[in-house]
Structures are given as structure tokens and as C-alpha cells.
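One structure is given here, and the rest of the page talks about it.
The values are calculated or read from the model by the stated rules, or taken from the named source; none is laboratory data. Nothing here was measured: the structure is a model prediction, and the numbers come from that model. Every residue, glycine among them, receives a Cβ derived from its backbone with ideal geometry; neighbour counts consider all protein chains shown. To get the accessible areas, we keep the full protein, side chains included, count just its heavy atoms, and leave off ligands, DNA and RNA. Shrake-Rupley method; radii C 1.70, N 1.55, O 1.52, S 1.80 Å.
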Amino acid sequence: MRSQASIKGHPIHPMLIVYPFAFLTGAFGFSLAAVASRNRELRTVANYLIPTGVTAGLLAAVPGIIDYLSVVPPKSSGKERATKHALLNTSALGLFTASWLLGRAGTRRTLPILLQGLGSAAMSVAGYMGGTLVYRNQIGVDHRYAGAGKWQEETREHPESRALTSAAASLGVNQMKLVHAGGERIAVGRTEDGYAAFQDRCTHKGGPLSDGALICGTVQCPWHGSQFDVYTGEVKCGPAEQNIATYPIEDAHRIERAP
């Protein structure tokens, strides 16, 4: 799932976020200034900024949803963080929309401004989580090391239809690819000693091992640096404590978990 982030993901998403954040927090600032100065023109500016910011937020959500569904690893800390990030941003848009509607209905400015303040706070927390997704979980980041090759991914509805060896045939030494097979996410790699197949999910926080580094028969998770032997699944370096599953890549008819 590594440069899955750069190929299937949308690095434009973080760029679009700045517009709704600027418009909506700006609207909150103008609303406060309007109350303090009793200047109707400042309130008018805020009333224009809110629908513009909400519209920009909805546009920014499109690549965000695509990333959430196709790039963020399932059953991982990144998925949990991305879910909270999405809920907070959605709540912020709802709060600003409600404040705008109440303002148009002639509601006293106290409640709309309170809603805008809550929306700004929600966006700030969501922004922090978004930064963590990029820098810690490396969502949307292409960090391939030299010689790792381009990101490769393959989906098989029936894993027994082809051998995992065929999936690895195009790989160079220390290169990996992600194979979706029979509901499993399997990382297939090639080492100096041959091919290896192992579960893609790191047992620490669910990071995508196929997005990490493969060196001398050891795969390193890109999120927190846990290392595993790709043939035995044994933990070679923490923080992970549980071994990963490995698969008999020579089997041409079925994929079975190795003992």
C-alpha cells in the first residue's frame, strides 16, 4: 500500500483543505469582529465566506473519501484516526452550515457565533489528525527507497486460480507488491534467496508492510519500524510483539497459512 498512496491516493487532498479552513475560520473571525465593532459590513463578509467555505470543504472531501476507502489500511490505527478525522470535518461543516442558516433566519448572533467557534475547534483538531495521517501513517506519501520499484498491486477473486509465484515473477530483488487474494491482503516479495509471501498487516498498529522496506529477508513496517522475517514471520525488532503469518508461495493451487 505504499505508493498506492501516490498512485491511487490523492496528494491534492491536503492542498484543498487549506481553502475551507481559511474561509470558515475567517468567517468566525469576521463574525467576532462584527459583534465587537457593530459593523454590518463585516457580518456580510462572514455570511459570504461560510457558504464558500462549506462548498470548498465538500470538494476537498471527495479525494479524502477516495483515500479513506482505497489507501488507508483496514484494521489499523490509521483507519481509526482517519475515521475520527472525517467525522470531525463533517461536524465542522454541519456547525458552520447551521450557524449560517440561523443567521439568515434572524437568530441572535450569540448562537451562530458559538456554533462557528465549535466548528473552528473541530477543524483544528481534525487538521492535527490529518497531519498525523500524513507524517506518521504516511497516507498520500510516496517514500519508496532506491531500487524498490514502482508500486504494484493485484486483486484475485479466487486465490487458487493462480500461484503466488506468478504474482512475484515481475519483482526484482528487495521489491514487493500487494496481492488481494480471497479476502486476504498478502505482501509478496523477492529476496536474495527467492520469493516470500506474508500478511500485509503489521501486528503492531496495522501498518502496510508492502509499503515498507525489504532488505536481506527482513521487512520493516513504514509506520513504527517493526521488523519481521519474511520466511518465518518472526519478529526481529519491535515495537511489534506478535509474529506475522506467512504463506507457502510455491503452492500452485491454494494459499494456506504456513505453520
Next item on the list: Return the subset of K177/K236; K205/K236; K84/K177 for which the Cα-Cα distance in this structure is over 23 Å, preserving the input order.
Entry: K84/K177
Next item on the list: Could you tell me the convex hull volume per residue, in Å³, taken over the Cα atoms of segment 58-203?
Entry: 130
Next item on the list: Using a 1.4 angstrom probe, figure out how much accessible area the chain has per residue, in square angstrom, rounded to the nearest whole.
Entry: 51
Notebook entry, point to check: Which of Y68, F228, G238 sits farthest toward the positive end of the charge dipole of the chain, with +1 on the Cβ of Lys and Arg and -1 on the Cβ of Asp and Glu?
Noted result: Y68
Item checked: C-alpha center-to-center spacing [segment 60-120, segment 227-246] in angstrom -> 38
Next item on the list: Kindly write out, for segment 222-235 in residue order, the coupling ³J(HN,Hα) from the Karplus curve 6.51 cos²θ - 1.76 cosθ + 1.60 (θ = phi - 60°), rounded to whole Hz, with x marking Gly and Pro.
Entry: x, 7, 10, x, 4, 10, 9, 6, 6, 9, 9, x, 5, 5
Margin query: With n ≥ 4 as the cut-off for DSSP H runs, can you work out [θ] at 222 nm for the chain, using -39500 (n - 2.57) per run divided by the number of residues, rounded to the nearest 500?
Written below: -16000 deg cm²/dmol
Note to self: With no other cysteine's Cβ closer than 4.7 Å, which Cys residues of the chain count as lacking a disulfide-compatible partner?
What the structure shows: C216, C237
